[in-house]
Amino acid sequence: MIKNLDLVQVTNLRLGEYQDIAAKVISSGWYLQGKENAAFEENYSRFIGTQYCVGVANGLDALRLILHAYMEMGVMQKGDEIIVPANTYIATILAISDNGLTPILVEPDLATYQIDPEKIEAAITARTKGIMIVHLYGQCAYVEKIGNLCKKYHLKLMEDNAQAHGCKYRGQVTGSLGDAAAHSFYPTKNMGAFGDAGAVTTDDEDVAKLVRTLANYGSEKKYVFDYRGYNSRLDEIHAAILNVKLEHLSKDNANRRKIARYYIECITHPNIVLPIVQDWDAHVFHIFPIRTKKRDGLQAYLQENGVQTVIHYPIPPHKQKCYKEWNHLSFPITELIHEQELSLPMSPAMSIDEAKTVVTLINNWKE
Ligand SMILES: Cc1ncc(COP(=O)(O)O)c(C=O)c1O
C-alpha cells in the first residue's frame, strides 16, 4: 500500500537523530520553557524572518492567541469581523469565533484554491478588523492586492501558515508577510512534531509578549495573573525535535516538489484537473490536490489498487453542524472544491517509483 503520508517512513529518514535528541531532553530533567524552546524560537524566527517567535501548544492555539492578543490590545473587540477563506480547515474559523469575533467567509479562486483577492473588498465593512489568509495546501495565498487592502482599510493581516512551512512569496518566507502568523507542527505537517505543537511569529513586540503571557495562564510573574489566559506552551521534547526538523526542511520540501513536478508532468488523464503552479518557490506541497467530477470513484479505484488518498476536506465549514447558522448559505466554488478534491500521496520520503505507480494507475483509470 502506498500511503497518503507514511509517518513511519518519514521518521525513519532520520530516526537516530530524533532518538538522540529525545534521550537528551528526557535525561535533562527539564521539560518546559527551557533551552530547547529558546533555541527553537531563535532558529525559527530567523528562518521565517521575523523578530519574534513564541512556541505554543498547537496551531489552533497559535491562531486563537494572536486574536486574543489583539483583543487585549484593544485593536479588536467582540463582534468585529475577520475575513477568512470559506474553504479553509475549520481551525482557522474556530479561532475567530472562539474570541467572540465574526468570521466573514470569502470564496477561493478555483485556479489556486486560495482566498480570491478580487472578492475581498466587497466583504469589508466598518466592523472589519483583519484578514486571515491561509496558505492552503502549502501554496502562498498572499498577493500585493491583499496587502494594499489592509493598508487602505487599516486592517491587520494575519497568516495561517499551518500548511506552508518554507513557502516563499518573491523570496520572502510566509509567516513574515503580515502582522502576525500562526504555525502548526501537527505530525502530518511539512515540519511535524511527534505530537501537537505550534508557534506564533511576528515583528510586533506587543503581540509577541501578550501571546507568551496568555499562553502561560495570563501570567508574566509567577502566581500573578494579569489576563485570563490558557496553558499553551511548547514542550521541550517537541522543540528539540523541531530544531532537527528545521535543519532538514528545505531538503524535505525539495523532495515534495520533485514528486509534485513528476505528477504534473506525467498525469495525462483528460478528466483530472492538476494544480496550477506559477512559482515553484511559492509552493511547498503540503498536499497535492487534484480535482475530478467522479472523485469518490477514483478514490475507491486507487484504494483497491493499493494507493491511499485523502479528501481535504469532505464538508466545507459553512455546512458543518457546529456552524448551523451558516448551513443555508451558498459558496459554490468552495462546495465544488469539497465535492471534487482528492489529495494524492505526498511526503518528503516518497520515491519517484512510488509516484510512478500512482501516475500509471490514474492514467489507466476508466471512469
Ligand atoms: C490551515 C490550518 N490551520 C490550523 C490548523 C490547526 O493546527 P493544529 O492541528 O496544530 O491545532 C491546521 C491543522 O491542523 C490547519 O491545516
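The values are calculated or read from the model by the stated rules, or taken from the named source; none is laboratory data. No experiment lies behind these values; they were computed from the predicted model shown. Glycine gets a Cβ as well: all are built from the backbone with ideal geometry, and neighbour counts include every protein chain shown.
Quick look at the numbers
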read-out	value
Filter pass, Ser27 being out of contact with any Pro (no Cβ under 6 Å at 6 or more places or on another chain), in a helix (DSSP H, G or I) and closer than 16 Å to Val200 by Cα	no
Given (1) modelled with pLDDT of 95 or more; (2) surrounded by 13 or more Cβ atoms within 10 Å (Cβ to Cβ); (3) touching a Gly at 6+ places or on another chain (Cβ under 8 Å), index of the condition Arg212 fails	(3)
Segments classed as helices (runs of 4 or more DSSP H), wholly inside segment 279-367, with at least 1 members that are out of contact with any strand residue (DSSP E or B) (no Cβ under 7 Å at 6 or more places or on another chain), closer than 22 Å to Asp116 by Cβ and touching a residue at least 24 places away in the same chain (Cβ under 8 Å)	332-340
Where His154 falls short, out of the listed (1) surrounded by fewer than 20 Cβ atoms within 10 Å (Cβ to Cβ); (2) touching a residue at least 12 places away in the same chain (Cβ under 8 Å); (3) not charged (D, E, K, R)	(2)
Residue match in segment 63-70 (condition: surrounded by fewer than 20 Cβ atoms within 10 Å (Cβ to Cβ) and more than 12 Å from Met158 (Cα to Cα))	no
Among (1) surrounded by fewer than 17 Cβ atoms within 10 Å (Cβ to Cβ); (2) on the phi < 0 side of the Ramachandran plot; (3) more than 20 Å from the chain's Cα centre (by Cα) - the single one Glu36 does not satisfy	(1)
Residues (small (Gly, Ala, Ser), within 23 Å of Met158 (Cβ to Cβ) and away from the ligand (no atom under 15 Å from the Cβ)) located in segment 27-62	Ser45, Gly49
Filtered residues of segment 186-228 (kept if within 23 Å of Glu159 (Cβ to Cβ), assigned to a loop (DSSP other than H, G, I, E, B) and more than 13 Å from the ligand (Cβ to nearest atom))	Asp203, Asp204, Ala215
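Condition check ((1) within 20 Å of Asn255 (Cβ to Cβ); (2) β-branched (Val, Ile, Thr); (3) under 10 Å from the mean Cα position of the chain (by Cα)) across all residues:
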| position | (1), (2), (3) |
| --- | --- |
| Lys168 | yes, no, no |
| Val173 | yes, yes, no |
| Ala182 | no, no, yes |
| Ala193 | yes, no, no |
| Val200 | no, yes, no |
| Asp206 | no, no, no |
